[in-house]
Structure formats: structure tokens, C-alpha cells
Amino acid sequence: RPRPADIAPVRVPQLVRADLAPAAAASDHQPAETAPHVAHLHLHGEPTDVARARHFLRTTTGVWEVRPEAIDAAALVLSEVVTNAVRYAPGPIDVSMTHSAGVLRIDVADNAHDLGPRRPPATVEQLRVDSEGGRGLFLVEALSQRWGTTPISGDGKLVWFEIAV
């Protein structure tokens, strides 16, 4: 799977105008107004990448005129997913966002081959009191309409989630 180029420019708003316009229509029968918006961000796997990913999401979805409540939910889930990628998957992380038909889909690709848990424990009480992690999946489950993990052939995994916008 090819990795998108790092698109973190010095002046993000100009990038948003230039690169984050609706993608070309998929067919002659699909009007340009309904074509999806698409954006990519390449990260290096550093702790500061969590803030960069949130800034990228807020800037991009603001231009796409996504509801503030949906942006807040997506930013919280993205923070959790990117934090896990930084913590457990050494190396680069790619974030892709698509906004189409009332859904914001965010994909986070990393180099970890372990897909991790598919679902959080049924209740918070099932977590160990002294456990340092595991609670983030409750946020992902609660704030996403759908989410999951998919292996990337020979190259890690993709964690994806969708938020109604």
C-alpha cells in the first residue's frame, strides 16, 4: 500500500484550499457536489503526532463544514487511535480522512502486525483496577458509528472509524 506524502505544510489553511477540495466525481452520473472530500497526513510515529493529527482533523473538517460536535467526537477518537499507534507501532503512521454522504471516515495505518482487541471488554468493571490501558476502546466504541481493524498485507494494520456528520 503506497504511503501518502507528508502534507504538513507551514501554512495549513492554504493547503486545505488547494488539496482538500472534493475529489473528482467517480462517474459521469455523480455530480461533483456529492463527490467525497479526501485528505491525507503522514506522521513519523512521535508523541507530538497526536496533537498534529488533531490539528489536521480540526482544520480539514472545519473547511469541510462538519458539525462541531462531530469534529469533537472524531478528534477524541483520533487521539486515542494515534496514541495507540505511537505507543505500540514503531515507525510512520498515515492518517486518511474521507467525508461523503454524511459520514466522516478516518483510517489510521501503522506498522504493527497485531490487530489488537477487536472490541472493548463488555463493562469497565472487567478491566483491572491497576491497568494502565484498555479504556480508550470504550471511547472508540461509544463515539463511533462503526469501527474496526484490517491487516495491511505485509505492512501492518489499519484502524478505521466512522462518525456521522
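Taken together, the values in this text are just the output of simple stated rules run on the coordinates, not laboratory data. Note that the structure is a prediction, hence the values are computed from the model and not measured.
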* When the chain is fully extended, how far beyond the present Cα-Cα distance does HIS44 get from THR83, taking 0.36 nm per residue of separation? -> 12.8 nm
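What do you get for Rg/Rh of the range 45-113 when both radii come from the Cα atoms and Rh is the Kirkwood radius? Could you put the intermediate results ahead of the total?
Values: Rg = 12.0 Å, Rh = 12.3 Å.
Result: Rg/Rh = 0.98.
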